[in-house]
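Enquirer: One structure is given below, represented as structure tokens, and several questions about it will come after.
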Amino acid sequence: MHGKDVVLDGVSMRFGDFTAVQPTDLTIEAGEFFSILGPSGCGKTTILRIISGFLDPTAGDVRIGGDTMTGIRPNARPTALIFQNLALFPLMSVWENVAFGLEARGIAKGARRERAEELLAMVALDGQGEKKPTELSGGQRQRVAIARALAVEPSVLLLDEPLSALDLKLRQHMRAELKELQRKTGVTFIYITHDQGEALTMSDRVAVMNRGVIEQVASSDDIYSQPATPFVASFVGEQNVFRGRLTAVNGEVAEVETAHGILRGRPRSGVAAGDEVMVFVRPERVGLSRNGGEASRDNRLTATIERRDLEGPFVNLHCRAGETPVMIHLPNSGESGPDLSGDAELGFQITDAVVMPAGDLARD
Amino acid sequence: MSLSEANTRGGVSPQTARRSPVDWSGAILNGYLVLFFAYMFLPLLFMVVAAFNANPTPSVTDWQGFSLRWFTELPQDERFLQGLVHSLAIAVGVIVIAIPLGLAGALVLTRLQSRGTTVLYTVLVSPILTPGIVLGATTMIFWRDAFGVQAGLLTATIAQAGFIASYCMLMFMARLQRQDRVLEEAALDLGASSVFVFRRITLPFLMPTVLTASVISFLQSIENYNTTFFAIGSSWTLVTEIGARMRFGLSPVVNVIGVIFVAITIVAATAWVLSRRRAGPATG
């Protein structure tokens, strides 16, 4: 098995008046673990179905390993799709499921059986071949679906939210397994999800998608720390947002007039004085001048602490500065929490604040 | 739920207060059931009893002594036996024609996304609504005039299959509407051709319906009278022969046929229930 690269060249998809996917150029490298992350209805599944061949794009071209896929049906593409509900064949045994693609290629039963057992062993299901899919647990069925897809030796494996039916523990376990499997096989994985945890932990690169547009393609780290748009910033992880008007840009510092006075941050390219902008700060980057701590003096806010939620490794403080909710994540130091009464001084550094043109935010 | 239970229990037990000494709804239901079963089974009981009466006119009231005479006469009746053979041959032929036609129609109607499907559905279901006489007579005339085929077992088979295929189609449609189409997509994605997908995924899913539709077709064919009568010409089936005899007065031999059919039905139904029960706990 070896991965192939996938290129979308001006691909767009329209259903009647509705544009599910705006014209998109995207290159996914051979052997890459690539995720498309976005809320439901953003067009990510449409892209997946276009790559697998179940949908013909309205415009544009899909190329896999340099070959155009226009006019090539799903059963002739070097892709395999793992469906959201897995779509295991209920009337067939586990090994027949795994060997289905080989049976369709006319491979003799003995060889099919042997190959199926090898694949089942690879996904730690040795000896389960005679069972029916319904006799397996959710995680085992998941692995059958993966083995069945890998049996046809695809160059590109497409995964449509395959973990969404599993419970939390299993989901986290399967993340590691999928990543390991991808590394072992070298197949290009294209993983569709609305779960940022899945996308960030497994992927080499992540594309964040909203309303049919891929807003950013970057490594997990960059998606989190260098979001390109307000949507990416607010969809991935948690953010505090302050709206305001940009008054001046002095080199690496943008000054924004907000309801809380002047706030300063790093400007994204494309902002100019006079623009409506948003200042984004991660909750873990906001400090609190209390209990001996001292918040940064770069930006200062006065806020009321309304609630304290213990999340385990950190404490989540819900504050309110005027009309604006502000969240602070403090490491759980083992001491009892801060005094919740009265006003508190919050602060954050210029380098931790990002100033972007105002735009769509992700809805919670 | 526990809340509403607590409420009714907490009240001054309105149930006991409301309950009248005679449970009228229960009595009416039981009475209705007795009437219903009497309506269903009394005629059968009379028919069975008359088969054992020595009286040459089937009767229960005019009892002339217990006799098995009519049971011994049946095997000597060539026309009845030949009619039975014809009935079975036609029924098998009907299954062979109606199952593929019904399945094809159901596939087109459930898969084709077109405005024409409504019209097509009406056309394909219409044989069920057409009077049997019309189906039988038109089939007979059409095959005679268009192909020079004389009325007989073939035309009777075709005429019956004409409307029985519609029943099969409706049954296949009901099954296909419950199918998870993603399974076919998954098979296609794994490299299967459309034919292979149909043979390996769709058809196995439809097999239970193929079986039940075959049984229904068989029963529909065996018991059919009007369509068969008008399409079969000078030949005959068991049912048309019984019908023909009625004109010259009844014979208890007909009752004997009835008794045999009832017996076969009871044995088959019991066997089916028992086999179900044995396989039951595993399959649920």
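The values are calculated or read from the model by the stated rules, or taken from the named source; none is laboratory data. Source: prediction; values computed, not measured. Neighbour counts are summed over all protein chains in view; Cβ atoms, including those assigned to glycine, are modelled from backbone coordinates with ideal geometry.
Enquirer: When you look at B:PHE172, is it farther than 19 Å from B:THR227 by Cα, in the same structural domain as B:THR212 (by TED's automatic domain parsing) and buried (at least 19 other Cβ atoms within 10 Å of the Cβ), yes or no?
Expert: yes
Enquirer: Residue by residue through segment A:265-286, note down the ones that are under 17 Å from A:ASN332 (Cα atoms) and buried (at least 22 other Cβ atoms within 10 Å of the Cβ).
Expert: Within segment A:265-286, just A:VAL286 meets the criteria.
Enquirer: When the residues of segment A:122-163 are filtered to those that are of a type in the set (D, E, K, R) and within 11 Å of chain B (Cβ to nearest Cβ), which remaining residue is nearest to A:GLY186 (Cα to Cα)?
Expert: Of everything passing the filter in segment A:122-163, A:GLU153 is nearest to A:GLY186 (Cα to Cα).
Enquirer: Any residue at all in segment A:77-84 that's out of contact with any strand residue (DSSP E or B) (no Cβ under 8 Å at 6 or more places or on another chain), facing chain B (nearest Cβ under 10 Å), outside any strand (DSSP E or B) and closer than 20 Å to A:PRO162 by Cα?
Expert: Among the residues of segment A:77-84, not one is out of contact with any strand residue (DSSP E or B) (no Cβ under 8 Å at 6 or more places or on another chain), facing chain B (nearest Cβ under 10 Å), outside any strand (DSSP E or B) and closer than 20 Å to A:PRO162 by Cα, which makes the answer no.
Enquirer: Quick one: which of A:ILE107, A:ILE50 is more than 9 Å from chain B (Cβ to nearest Cβ), without any contact (Cβ under 8 Å) to a residue 60 or more places away in the chain and under 24 Å from the mean Cα position of the chain (by Cα)?
Expert: Exactly one residue qualifies, and that residue is A:ILE50.
Enquirer: Also: Please verify whether segment A:136-147 includes one or more residues that are assigned by TED's automatic domain parsing to the domain that holds A:CYS42, touching a residue at least 60 places away in the same chain (Cβ under 8 Å) and under 22 Å from A:ILE28 (Cβ atoms).
Expert: Within segment A:136-147, one or more residues are assigned by TED's automatic domain parsing to the domain that holds A:CYS42, touching a residue at least 60 places away in the same chain (Cβ under 8 Å) and under 22 Å from A:ILE28 (Cβ atoms).
Enquirer: Could you go through segment B:160-177 and let me know if any residue there is more than 14 Å from chain A (Cβ to nearest Cβ), outside any helix (DSSP H, G or I) and touching a residue at least 60 places away in the same chain (Cβ under 8 Å).
Expert: no
Enquirer: Please give the number of the condition A:LEU163 fails out of (1) crowded, with 17+ Cβ neighbours inside 10 Å; (2) at pLDDT below 90; (3) touching a Gly at 6+ places or on another chain (Cβ under 7 Å).
Expert: Failed condition: (3).
Enquirer: Let me ask something else. Within segment B:241-259, is even one residue free of Cβ contacts under 8 Å to residues at least 24 places away in the same chain, within 14 Å of chain A (Cβ to nearest Cβ) and part of a helix (DSSP H, G or I)?
Expert: no
Enquirer: I'm told A:GLY244 meets every condition in (1) out of contact with any Phe, Trp or Tyr (no Cβ under 8 Å at 6 or more places or on another chain); (2) surrounded by 15 or more Cβ atoms within 10 Å (Cβ to Cβ); (3) touching a residue at least 40 places away in the same chain (Cβ under 8 Å) except one. Can you identify the failing condition by its number?
Expert: (3)
Enquirer: Of the residues that make up segment B:216-229, is at least one outside any helix (DSSP H, G or I) and of a type in the set (Gly, Ala, Ser)?
Expert: Within segment B:216-229, not a single residue is outside any helix (DSSP H, G or I) and of a type in the set (Gly, Ala, Ser).
Enquirer: Sticking with this structure for a sec: Give the residues of segment B:185-204 that are aromatic (Phe, Trp, Tyr) and within 7 Å of another protein chain (Cβ to nearest Cβ), sorted by residue number.
Expert: B:PHE196
Enquirer: Please tell me if A:ASN97 is surrounded by 20 or more Cβ atoms within 10 Å (Cβ to Cβ), touching a residue at least 12 places away in the same chain (Cβ under 8 Å) and at the interface with another protein chain (Cβ under 10 Å from one of its Cβ atoms).
Expert: Yes, satisfied.
Enquirer: Moving to a separate point now. Just one of the numbered conditions (1) β-branched (Val, Ile, Thr); (2) surrounded by fewer than 19 Cβ atoms within 10 Å (Cβ to Cβ); (3) within 22 Å of A:GLU257 (Cβ to Cβ); (4) within 31 Å of the chain's Cα centre (by Cα) is not true of A:VAL315; which one?
Expert: Looking at each condition in turn, A:VAL315 falls short on (3).
A quick yes/no check of all residues on (1) without any contact (Cβ under 8 Å) to a residue 60 or more places away in the chain; (2) surrounded by 15 or more Cβ atoms within 10 Å (Cβ to Cβ); (3) not in a loop (DSSP other than H, G, I, E, B):
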position	(1), (2), (3)
B:VAL34	yes, no, yes
B:VAL48	no, yes, yes
B:GLU73	no, no, yes
B:PHE80	no, yes, yes
B:ILE95	no, yes, yes
B:PRO100	yes, no, yes
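Enquirer: State the number of residues belonging to segment A:201-222 that are outside any loop (DSSP other than H, G, I, E, B) and free of Cβ contacts under 8 Å to residues at least 40 places away in the same chain.
Expert: Summing the residues that are outside any loop (DSSP other than H, G, I, E, B) and free of Cβ contacts under 8 Å to residues at least 40 places away in the same chain in segment A:201-222 gives 7.
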